[in-house]
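To keep things clear, I will list the structure first and then write my remarks on it.
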Amino acid sequence: MTLLDSDMGGIVLNAKALEDGCTMIREMESKDCERVSELLEQLGYPTPLEQVVDRFNRLDQVNHRLFVAECEQGVVGWAHAAMRSSITSQARIEIVALVVDERHRRKGIGRELLRRIEDWSREAGLDVVRVTSNLARQESHALYLASGYALEKKSAVYSKRLPKTVQTYAE
Ligand SMILES: CC(C)(COP(=O)(O)OP(=O)(O)OC[C@H]1O[C@@H](n2cnc3c(N)ncnc32)[C@H](O)[C@@H]1OP(=O)(O)O)[C@@H](O)C(=O)NCCC(=O)NCCS
C-alpha cells in the first residue's frame with residue numbers, strides 16, 4: 001500500500017513501515033541536523049553536529065534534496081540526492097547518501113526513501129537515478145536490486161590529499 005498524503009506535506013509509507021509507527025517521508029529541515037549527525041555515524045561517516053549544520057546550510061537547494069523518514073520515535077532514516085549534469089551524459093539524479101537507523105531496518109523505510117528520490121527525478125523530467133555503493137555494503141546492494149536498480153559497472157576510487165594552503169570551502 002502506498003498513498004500520497006498531500007495534506008501532511010509528505011508521503012505516507014508502505015504498510016510495513018506504518019506498522020512500525022512511521023508516518024512520512026519529508027524534506028529535511030535544520031531541526032533534523034542532530035539526528036542526521038547521529039545517523040551519519042551509522043553510515044560510517046561520523047560528523048560533528050556543527051559540520052552537519054554548516055554543510056546543510058551551504059547546500060544549493062535546487063540541485064540537492066534531502067529527505068528524512070519520520071516515525072513516532074523521531075527521524076529514523078535519511079537520504080541525500082543530487083542532480084548532476086555533465087558533458088558526457090544526460091542530467092540525472094544521484095544518490096549521495098542513504099541510511100536507516102539499525103533499529104528500524106527491514107521495515108521498508110529504505111525503499112520509501114528511494115521512492116521519494118525517484119519521485120523527484122520524475123518531477124524533474126529525468127529518467128535515470130544512479131548510486132555508487134561500496135561493495136562491502138551488502139544490505140545496500142540487496143536494497144537496490146530489490147528496488148529495480150541494475151548493476152552497471154564496478155569502479156575503483158582514487159583520491160589525492162593536497163597540502164593545505166588556505167582555509168577552504170570544504171572545512
Ligand atoms: C541499506 C539500507 C538503507 C536499507 O534500509 P532498510 O530500511 O533496511 O531497507 P528496506 O527495509 O526498505 O528493504 C527493502 C528490500 O531491500 C532488501 N534488503 C534490505 N536490506 C537487506 C538485508 N540486510 N539483507 C537482505 N535484503 C535486504 C530486501 O529485499 C528488502 O525487502 P524485504 O524486507 O521485503 O525482504 C540500510 O540497511 C542501511 O542504512 N545500511 C547502512 C548504510 C548503507 O549501506 N547505506 C547505503 C549507502 S549507498
Worksheet item: By how many nm would the segment from E50 to R84 lengthen if fully extended, with 0.36 nm per residue of separation less the alpha-carbon distance?
Response: 9.6 nm
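Assuming a ≥ b ≥ c are the square roots of the Cα gyration tensor eigenvalues, decide whether the stretch 75-163 counts as rounded (a/c under 1.5), prolate (otherwise, with a/b larger than b/c) or oblate.
oblate
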Worksheet item: How do the peptides 148-160, 113-125 rank, highest first, by the average count of neighbouring beta carbon atoms within 10 Å per residue?
Response: 113-125, 148-160
Fill in: Per-residue ³J(HN,Hα) for the stretch 26-36, Karplus 6.51 cos²θ - 1.76 cosθ + 1.60, θ = phi - 60°, Hz, x for Gly and Pro
9, 5, 5, 10, 4, 5, 8, 4, 5, 5, 5
Worksheet, complete the sentence: The long-range amide H neighbours of T47, using H built 1.01 Å from N in the peptide plane and a cut-off of under 5 Å, are E41
Worksheet entry | Rounded to the nearest 20 debye, dipole of the stretch 3-146 from Cβ charges on Lys, Arg, Asp, Glu | 540
Worksheet item: Using the per-residue mean of other Cβ atoms lying within 10 Å as a proxy for protection, in what order, highest first, do the peptides 44-54, 69-79, 26-36 fall?
Response: 69-79, 26-36, 44-54
Response to the item:
With label points set 7 Å from each Cα along the Cα-to-Cβ direction at N63 and R122, the distance between them in nm comes to 2.6
Fill in: ³J(HN,Hα) computed for each position of the stretch 45-61 - Karplus, 6.51 cos²θ - 1.76 cosθ + 1.60, integer Hz, glycine/proline x
10, x, 9, x, 3, 4, 6, 4, 4, 4, 5, 4, 5, 7, 5, 6, 6
Practice prompt. Hey, can you grab everything whose amide H is under 5 Å from the amide H of G108? Only 5+ residues off in sequence or another chain; H modelled, so Pro and N-termini drop out.
Written response: none
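All of the numbers you see were taken from the coordinates with simple rules; none came from a lab. The structure presented is a predicted model; accordingly, all values stated were derived computationally and were not measured. No Cβ is skipped: glycine too gets one built from the backbone with ideal geometry, and neighbour counts run over all protein chains shown.
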